[in-house]
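These notes concern the structure reproduced below.
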Amino acid sequence: MKFDLRTILVTLCAAALALPVAAETEEPGEAIETASLALTPTEYNNTVADLLGFPRDGERWPKRPAVADRISPRRTASKGVFSPPPPPDPWPWPFPDEPGSDGFEGIAQGQSPSSYQVEELHLAGMHFGSFALLSPTFFNCPSWSDLPSAEREACAATSILRFAERAYRRPLHEGERGRIEAFWQAQVATKPIGEAAALTVAGILQAPAFHFKLEPDATEAARLDPWQLATRLSYFLWDSMPDEELFRAAGAGELETAEGVERHARRMLDDPKARPAVVHFHHQWLGTDQVLLIAPARRAFGPRFGVSRVLRNTRDDDTTWPAILGPIRHSMRLETELFVEEAIFDRAGTFTELMTGNHGYMSRNTSPIYGATTTPDERRAALTRQIEYVSVSVGRKKPLTLHPVVLDPAQRAGVLTLPSVLAIGAYAVQPGPIPRGVRVLERIACMEMGDPIEGVESALPPDALGVESTNRQRTAAATKPRECNSCHRRINPAGFAFEHYDAMGAWRAEDNGQPVDASGSLRLPGAEELTFADGVEFAHKLAASRRVRDCYALHWTRYALGSHLERNAPGLEPIQKRFRENDSVKELLVSIATSDLFRTRSAGVGSESGP
């Protein structure tokens, strides 16, 4: 038996449902040695919320039911050491991050099991199982708790089977139905009916059929069946399970043609659930989730936010600067999300808009970064979001209001000039032209730069305030040796394009008393030559580049399939060609969903090819 996450979960599910492991492994296709594609942490939590009919906001979930304390241990909060923190919200479950592949979660080659992950899957299943008793959608009869005993038991039994079909995202196999019914009967014979129902749901939430979006199959080259296609489509566009309309379409055979898939893809892109899913892709594409970890130095940026560069004396603890940085980090992240969502869903919806637009949001926390060049946009409303961060070792929650603004088009153009993207490509004091350049080449242009020479970090310019010359001049001198230049002749121009932005993403005209030089020329594979005066012009050139558009389409296609697809894979070129001709992001997603690549199993999790 192959030791992978599926095998572990088969054993885990068997234990949860009190079944022999052999019974579960007799399912059709179990002997096929093919990678399975598991739910990501995001997909798991979204699916549980949709399964149970609760909002994707843990503060709006009901309180943890009493039965939960009997079947699963209470999860304690870990934030704060000097005062008791509030109990954590019941949702989402804090899973460990996936290792990832190509910078994205949900890629089969980047999913690997660990004992910690398996334990968390078990704990999450037991935790969420009890919430079925409070779910507005679980029971298929009204006033379940008020029914006579026999009717209550019959209602719970049919509700459990209906829940299992929705959780497995397909009709139940006969063997599955029998095992679930047998387990339910065993539980209800020895436990209170509510606890028995919660335990049965917990077992379903630990089954491989729930955890895996696409399971092994004996017919590797065959088209996906309607249920598999509905599942692939919903997790591609919604990061969650199919809705009732998509289930109905699968059962009615509406997904058997490209035209049928297209109708539902367009419907789904118009649904509000598509917005956070598309934003989530872009966080991974740009790496901007990491903005919550940036650590710009007080000695460099304290005065910008009204605090001195240094502490009053060496005995002082610096509690002020971390308290300032917490909301700044969250504001940068939310500004990115709002920019991406507006660009794709509320504005032109094109890749050009994504890469060159100058609309945005800022909070009072980030306004010192943008400076006086922004103009309030009265046509859009301010938005308030709840944020959570740690200050003085205590977890804090507070509202953060973001105001719509028009950004100076001479200083800002698209996602690459957002403070979040610029800050994650910087050091504590100085901008980082090397990490910024590598991000552009690898993530935006799909160029594999490889690992740096061992020990090269010691040759980089010091990250200090009292330095000579400009950041560009120091970096160019450090990377001038021949052994460095073969890579840095491409990395440096792509990074120097953003020298007008400091380590927190603020625009600057001078560096160390000298005018900033952000000009350059970059040759991309395919003989494209991009010449630019600064980062704004560079962003416009990238937006129009064939190589860059093909790269963006490749990232989306890999993400949709959950597999590291080769750049020259059959079936990819038509998707890229359409995107070159029409750079609508929504149309790109529709063309992926209707492609043979998407509707065929073999292009998905089975690929093990390199970049």
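The values are calculated or read from the model by the stated rules, or taken from the named source; none is laboratory data. Bear in mind the structure is a predicted one, so any value in this text is a computation, not a measurement. Cβ atoms come from the backbone with ideal geometry, glycine included; neighbour counts cover every protein chain shown. Calculation scope for accessible area: heavy atoms of the full protein, side chains included, ligands and nucleic acids excluded. Shrake-Rupley method; radii C 1.70, N 1.55, O 1.52, S 1.80 Å.
Once Lys and Arg get +1 and Asp and Glu get -1 on their Cβ, which of Ser469, Asn358, Val67 lies farthest toward the positive end of the dipole of the chain? Sorting the options by dipole projection puts first Ser469. Relative to the longest principal axis of the Cα atoms of the chain, the long axis of helix 274-286 lies at roughly 50 degrees.
Projected label points at Glu529 and Ser367, each 7 Å from Cα along the beta carbon direction, are separated by 4.7 nanometres. In the assembled protein chains, Asp50 presents an accessible area of approximately 40 Å² (probe radius 1.4 Å). A dipole drawn for the chain from +1 and -1 charges on Cβ atoms has a positive end, and of Trp321, Asn140, Gln576 the residue lying farthest that way is Trp321.
Relative contact order for the chain: 14 percent, from Cα pairs under 8 Å spaced at least 6 residues apart, divided by residue count.
What is segment 401-526 by shape, rounded, prolate or oblate, if you read a ≥ b ≥ c off the alpha carbon gyration tensor as root eigenvalues and call it rounded for a/c under 1.5, prolate for a/b larger than b/c, and oblate otherwise? If you can, show how the numbers build up before the last one.
Details: a/c = 1.80, a/b = 1.28, b/c = 1.40.
Oblate shape, in that a/c is at least 1.5 and b/c is the bigger or equal ratio.
Under 16 Å from the 7 Å Cα→Cβ point of Arg489, by amide nitrogen: which residues of segment 521-544? Hits in segment 521-544 for Arg489 at 16 Å: 521-530. Accessible-area rank, largest first, for Arg508, Arg309, Arg169: Arg309, Arg508, Arg169, with all protein chains present and a 1.4 angstrom probe.
Mind giving me the FRET efficiency for Asp270 and Arg580? R0 is 30 Å, r the Cβ-Cβ distance, nearest 0.05 is fine. Working shown, then result.
Details: r = 25 Å, r/R0 = 0.83.
With a Förster radius of 30 Å, E is 0.75.
Determine the gain in length on full extension of the stretch Thr319-Asp451; use 0.36 nm per residue of separation and subtract their C-alpha separation, reporting nm with one decimal. Don't skip to the answer; put the middle values down first.
Values: separation 132, 0.36 × 132 = 47.52 nm, distance 3.71 nm.
Length difference between fully extended and current span is 43.8 nm.
Computed with a 1.4 Å probe over protein heavy atoms only, the accessible area of His127 comes to about 10 Å². Between Ala477 and Ser112, take the C-beta separation as r, use R0 = 41 Å, and let me know the FRET efficiency to the nearest 0.05. Result of the calculation: an efficiency of 0.50.
With the simple model of a label 7 Å out from the Cα in the direction of the Cβ, Thr137 to Leu311 spans 5.1 nm.
Counting 0.36 nm for each residue step from Ser469 to Glu388 and taking away their Cα separation leaves a gain of 25.2 nm. Ranking Leu161, Ala252, Val278 by Cα position along the charge dipole of the chain, where only Lys, Arg, Asp and Glu carry charges on their C-beta atoms, puts Val278 farthest toward the positive end. All other residues whose Cβ lies under 12 angstrom from that of Leu572 are scored, Lys and Arg at +1 and Asp and Glu at -1, for a net of 0. For segment 217-313, the Kirkwood hydrodynamic radius from C-alpha pairs, put into Stokes-Einstein at 20 °C and a viscosity of 1.002 mPa s, yields a diffusion coefficient of 126 µm² per second. Using a simple spin-label model with pseudo-atoms 7 Å out from Cα toward Cβ, Val406 and Ile71 lie 5.7 nm apart.
Just to be sure I follow the definition: excluding the sites themselves, where is the longest run in the chain that has none of the chymotrypsin sites (Phe, Trp or Tyr not before Pro) in a DSSP loop with at most 11 other Cβ atoms within 10 Å?
Working: sites that count: Phe3, Phe82.
Free of exposed loop sites, the longest segment is 83-611.
Taking all Cα pairs closer than 8 Å and separated by 6 or more residues, the relative contact order of segment 58-206 comes to 26 percent. To the nearest ten degrees, helix 5-16 and the longest principal axis of the Cα atoms of the chain are 40 degrees apart.
Each Lys and Arg contributes +1 and each Asp and Glu -1, all at the Cβ; summed about the Cα centre of the chain, the dipole is approximately 1600 debye.
Arrange the residues Ser469, Ser130 by how much accessible surface each exposes, largest first, with a 1.4 angstrom probe.
Working: Ser469 40, Ser130 0 Å².
Accessible-area ranking of Ser469, Ser130, largest first: Ser469, Ser130.
Here segment 455-607 is treated with +1 on each Lys and Arg Cβ and -1 on each Asp and Glu Cβ, and its dipole about the Cα centre works out to around 720 debye.
If a spin label sat at a point 7 angstrom from the Cα of Arg304 along the line to its beta carbon, the backbone N atoms of segment 273-298 nearer than 12 Å would be those of 295-298. Around Pro419, with a cut-off of 11 angstrom between Cβ atoms, what is the net charge of the other residues, counting Lys and Arg +1 and Asp and Glu -1? That sum, taken over residues with Cβ under 11 Å, equals +1. In the context of the full protein assembly, Arg385 retains an accessible surface of approximately 100 Å², using a probe radius of 1.4 Å and ignoring ligands and nucleic acids. Taking Rg/Rh (Cα atoms, Kirkwood Rh) as calculated from this structure, the corresponding entry among (i) 0.97; (ii) 0.99; (iii) 1.03 is (ii).
Kindly provide the helix-only [θ] at 222 nm of the chain, computed as the sum of -39,500 (n - 2.57) over DSSP H runs of four or more divided by all residues, to the nearest 500 deg cm²/dmol? Write out the running numbers ahead of the final one.
Numbers: 26 runs with 266 residues, N = 611.
Only helices count here, giving -13000 deg cm²/dmol.
Taking Cβ atoms as reference points and 14 Å as the exclusive limit, the residues near Pro242 contribute a net charge of -2, counting Lys and Arg as +1 and Asp and Glu as -1. As a calculated quantity, the FRET efficiency between Arg546 and Ala182 at R0 = 51 Å, using C-beta atoms, amounts to about 0.30.
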